[in-house]
Amino acid sequence: MTNWDNVVSYKELVSAKNKRKNIYIEDKQRKVALGELEEEGWEYVKDYSDPKFVKVRREKPYDEQFEDRVWLLFYQMGFLHMNKDRNFKMTYDFQNPNFTQQIDVFAADEETVLIVECKSADKTKDGTFKKEIEALHGQMDGLRKTALKQFPGRKVKFIWAVHNYIMSPKDIQRMEEWGIIFFSDSTIDYYCELVRHLGTCARFQLLGNLLANTEIKNMQNKIPAIKGRMGGHEYYEFSIEPEKLLKIGYVLHRSEANKNMMPTYQRIIKKKRLKEVQNFINNGGYFPNSLIISIDTKGKGIQFDQSLTKVDGALSKLGILHLPKRYHSAYIIDGQHRLYGYSDTDYSKTNTIPVVAFIDLDRTEQLKLFMDINENQKAVSKTLRVTLNSDMLWDSSDYNARREALRSMIAQKCGEEPTSALLGRIVIGEDEKNSTKCITIEAIQQALKKSHFLSVYGKNNVIISDGSFDVGDNQATVDLLYPFLEACFRLIKTNCEAEWAAGEQGILTINRGIQAVIRVIDDIVIQLLEQKKIVPKSQNIDEIVDEVEYYLEPLMSYINTIDDPARKELKGFLGGGGADNKFWRSFEKVISEKRDDFNPEGLREFIENETKQYNSESREYLSYIEERVKEMVADALNSYYGDKWLIKGLPKTIYKNAEKMASDRNYDLLSNDEDGEIEAWDCVTLSDCKEIVTYSHNWSEIFEPIMTRPEDKNLSTKDQKTEWMAVMNKEINKMSKQTYSVPKVTFEMISEVYEWLHING
């Protein structure tokens with residue numbers, strides 16, 4: 001039998017909420033048993049008035065904490081009836097009422113009943129739930145009848161919510177076929193964020209998703225309107241109560257929850273902005289500017305009863321507009337804060353707001369309109385703009401622009417697909433970055449751009465290079481390339497679980513790590529293509545991944561055994577693209593050491609430059625260069641200016657800084673009873689010398705002949721002719737870093753400068 005007494009509302013619901021919010025299980029126990037309890041994981045909290053008893057607690061298991069989180073999400077959305085604890089059971093067989101199923105989360109409001117099954121793990125892992133999903137499917141009809149008997153007239157929805165599970169594609173397909181709604185970590189995070197900003201009004205967005213295209217009962221949908229045309233589009237202008245629009249409206253936030261409705265374009269609603277709007281409205285404020293929406297009629301068109309009253313010469317028509325009586329039927333293009341600002345106010349039913357409504361506006365056209373409206377607003381984040389621009393290029397006449405959109409789509413799928421090893425690891429739209437969600441879409445896009453998976457086109461869309469996985473059509477290419485990358489990522493994750501989970505603390509699931517992985521996979525594909533071992537455009541993906549795995553094995557072994565000094569050295573690479581390349585080349589090098597045939601273009605040169613074979617000699621040469629340049633500058637200034645050369649020949653700032661530095665160092669020497677005296681000139685650097693040499697008339701009167709290298713005589717400016725000094729100074733600074741290896745080409749320049757100064761000395 002269904003124990004409906006476990007489903008509570010009002011005060012009992014608040015009490016259940018308080019228990020759910022507490023991450024601890026609390027209990028009253030005999031004091032004499034405290035030692036034994038502590039061994040079992042309980043901790044002491046306080047004594048009771050009765051000295052025989054104490055209050056103890058222990059943290060709830062991770063699965064119970066996840067159930068509580070989902071339960072609290074629906075509570076905060078304003079569901080009125082919910083199960084108070086984990087002991088709620090429902091009958092699924094009317095002939096056998098004792099056949100019951102325990103329900104993790106039960107939530108009901110005036111229109112909806114939600115039945116939620118929760119599955120969680122303590123750390124990220126693959127999840128296969130064939131038997132469990134099939135069991136739920138077999139019980140759904142019975143559970144629905146039981147729910148409707150208690151809560152008649154509602155719409156019953158089943159939700160499968162997971163934490164730390166990467167679902168199998170087959171399980172996802174099963175749920176789609178059987179009408180089970182899937183909530184991943186990303187979906188739950190999105191709704192939690194929405195609740196944080198919107199409170200109970202977030203329920204409208206949830207219901208828009210769950211009940212899309214279902215009828216809203218008892219809704220008065222007729223409204224006076226003006227019909228017109230602009231920009232080649234039919235539109236209607238009217239005023240409507242916010243409450244009505246909240247029910248039929250839907251905001252296409254760029255989030256995992258809406259990934260199947262691409263392109264999605266809206267920024268997440270901001271709590272601060274919403275509060276400001278609500279306060280403004282409650283204080284008598286109003287917005288005379290119109291909200292802009294697109295009404296989705298599913299191509300059926302909209303009913304408009306034109307008035308018999310006409311105005312001669314007017315293009316606009318008066319009449320009665322019949323709005324759809326369906327959830328999720330009006331997309332809010334502009335004005336979401338104004339609309340949601342009316343929720344939870346006294347004016348949601350008594351005020352009206354002006355609206356301009358387009359009919360069946362194509363999603364891409366909605367996006368363009370949104371971008372035009374917000375063109376000059378800083379509120380559209382860089383990440384969101386990049387994503388939106390890519391959406392707009394999907395069907396571009398420029399084939400390279402189409403590839404840009406394709407790269408963006410693949411990057412998004414990596415972060416959004418429930419089967420992806422990178423699910424929840426990529427910052428998408430206006431997601432908040434954290435220690436594990438720290439990979440950007442831009443990083444993946446750039447790695448794909450530097451790879452050879454996709455074709456490159458020149459003028460007039462003439463193909464320059466044929467991509468290894470590019471079949472010409474965007475969607476077909478996504479369907480080919482994404483599963484391959486997903487399988488490779490899953491392979492690495494499975495074999496390098498600890499490093500994969502480390503996020504910012506590791507070397508793998510960070511921008512440079514994932515970029516390096518993508519480019520290494522590309523290297524391997526090129527190698528296998530040259531060996532004619534794979535045919536990516538026609539071969540089974542699993543067969544290709546099997547070939548790739550042979551070359552990935554050394555890299556995965558390295559990742560699993562990397563020690564802290566090596567990790568620190570690898571992560572110590574700084575400086576934009578150069579550092580990205582070092583990450584990538586380092587991964588290539590690891591593979592080449594175990595696979596003799598693996599020799600990507602440029603790797604040998606990188607290895608030669610990264611062996612530090614030139615460091616010792618470079619350090620010696622640079623020391624001489626710095627000393628010799630300072631000597632030459634001092635001698636030349638002394639000869640020209642005489643005894644006061646230090647003041648007359650140096651820029652004021654360099655002189656003052658050198659004097660102060662010398663004074664500080666002398667103070668330290670005297671304080672420690674050490675001999676010696678530091679002079680100002682001792683504190684002048686090679687970088688300072690470049691500035692001294694080019695200062696005022698020093699260059700033309702003194703230094704041009706002696707500080708211009710023979711190969712630089714044809715250069716036009718003094719800065720160009722003294723650039724070698726800046727390069728030498730940069731190398732001196734770089735040499736202080738433990739990870740730095742002097743490249744061969746740089747060593748050759750250092751040697752040339754050394755020889756020139758040595759000869760002139």
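The values are calculated or read from the model by the stated rules, or taken from the named source; none is laboratory data. Computed from a prediction, not measured in an experiment: that's the story for all the values here. Quick reminder, even Gly has a Cβ in these numbers, built from the backbone with ideal geometry, and neighbours come from all protein chains shown.
Being over 27 Å from GLU752 (Cβ atoms) and under 50 Å from the mean Cα position of the chain (by Cα) is true of LYS660.
Residues checked against (1) farther than 23 Å from ALA147 by Cβ; (2) in contact with a Phe, Trp or Tyr (Cβ under 8 Å, 6 or more places away or on another chain); (3) modelled with pLDDT under 95:
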| residue | (1), (2), (3) |
| --- | --- |
| LYS28 | yes, yes, yes |
| GLU38 | yes, yes, yes |
| LYS46 | yes, no, yes |
| LYS55 | yes, yes, yes |
| ARG58 | yes, yes, yes |
| ASP68 | no, no, no |
| TRP71 | no, no, no |
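Reported count of residues in the stretch 280-306, each being surrounded by fewer than 11 Cβ atoms within 10 Å (Cβ to Cβ) and of a type in the set (S, T, N, Q), is 1.
Here is a check on your reading of the model: is ALA135 touching a residue at least 12 places away in the same chain (Cβ under 8 Å) and in the same structural domain as THR100 (by TED's automatic domain parsing)?
Working: touching a residue at least 12 places away in the same chain (Cβ under 8 Å): no; in the same structural domain as THR100 (by TED's automatic domain parsing): yes.
Against the criterion (touching a residue at least 12 places away in the same chain (Cβ under 8 Å) and in the same structural domain as THR100 (by TED's automatic domain parsing)), ALA135 does not qualify.
Of all residues in the stretch 699-749, exactly one satisfies the criterion of being hydrophobic (A, V, I, L, M, F, W, C), without any contact (Cβ under 8 Å) to a residue 24 or more places away in the chain and not in a helix (DSSP H, G or I), namely LEU715.
State yes or no: is ILE223 touching a His at 6+ places or on another chain (Cβ under 9 Å) and either modelled with pLDDT under 80 or among the β-branched types (Val, Ile, Thr) (or both)? Criteria met by ILE223.
Is there a residue in the stretch 603-613 that is modelled with pLDDT of 95 or more, under 32 Å from the mean Cα position of the chain (by Cα), in a helix (DSSP H, G or I) and on the phi < 0 side of the Ramachandran plot? No.
Does the stretch 410-439 hold any residues that are farther than 27 Å from THR128 by Cβ and touching a Ser or Thr at 6+ places or on another chain (Cβ under 7 Å), and which are they? Give the derivation first.
So the first thing to find is which residues in the stretch 410-439 are farther than 27 Å from THR128 by Cβ, and the list is 427, 429-435, 438.
Matches in the stretch 410-439: VAL427, GLY429, GLU430.
Listed here are the residues, each with its yes/no results for (1) under 50 Å from the mean Cα position of the chain (by Cα); (2) within 30 Å of GLY503 (Cβ to Cβ); (3) not in a helix (DSSP H, G or I).
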residue	(1), (2), (3)
PRO600	yes, yes, yes
TYR621	yes, no, no
GLU627	yes, no, no
ALA634	no, no, no
ILE647	no, no, no
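Taking the criterion of being of a type in the set (Ser, Thr, Tyr) and within 32 Å of the chain's Cα centre (by Cα), would at least one residue in the stretch 301-321 satisfy it? No.
Of all the numbered requirements in (1) modelled with pLDDT under 90; (2) among the hydrophobic types (A, V, I, L, M, F, W, C); (3) closer than 27 Å to MET749 by Cβ, LEU669 misses one, and that requirement is (3).
Only one of ARG69, ARG57 is surrounded by 12 or more Cβ atoms within 10 Å (Cβ to Cβ) and farther than 14 Å from LYS21 by Cα. Can you tell me which? Please lay out each step first, then the result.
Working: ARG69 fails: farther than 14 Å from LYS21 by Cα.
Only one candidate qualifies: ARG57.
The helices (runs of 4 or more DSSP H) found wholly in the stretch 374-479 and carrying at least 2 residues that are modelled with pLDDT of 90 or more and crowded, with 20+ Cβ neighbours inside 10 Å occupy 399-416, 441-450.
Looking at the stretch 713-748, which of the residues that are of a type in the set (S, T, N, Q) and under 20 Å from GLN613 (Cβ atoms) is surrounded by the fewest Cβ atoms within 10 Å (Cβ to Cβ)? Full working, then the answer.
Residues of the stretch 713-748 that are of a type in the set (S, T, N, Q), as a first pass: 714, 716-717, 720, 722, 729, 733, 736, 738-739, 741, 746.
Within this subset, residues satisfying the condition of being under 20 Å from GLN613 (Cβ atoms) are 736, 738-739, 741, 746.
Numbers: SER736: 7, GLN738: 10, THR739: 15, SER741: 20, THR746: 17.
Filtering the stretch 713-748 for residues that are of a type in the set (S, T, N, Q) and under 20 Å from GLN613 (Cβ atoms), the one surrounded by the fewest Cβ atoms within 10 Å (Cβ to Cβ) comes out as SER736.
Residues of the stretch 663-679 that are touching a residue at least 12 places away in the same chain (Cβ under 8 Å) and more than 51 Å from the chain's Cα centre (by Cα): ASN666, ILE678, GLU679. Of all the residues that make up the stretch 348-360, how many are buried (at least 17 other Cβ atoms within 10 Å of the Cβ) and either modelled with pLDDT under 85 or not assigned by TED's automatic domain parsing to the domain that holds LEU291 (or both)? Total meeting the criteria: 1.
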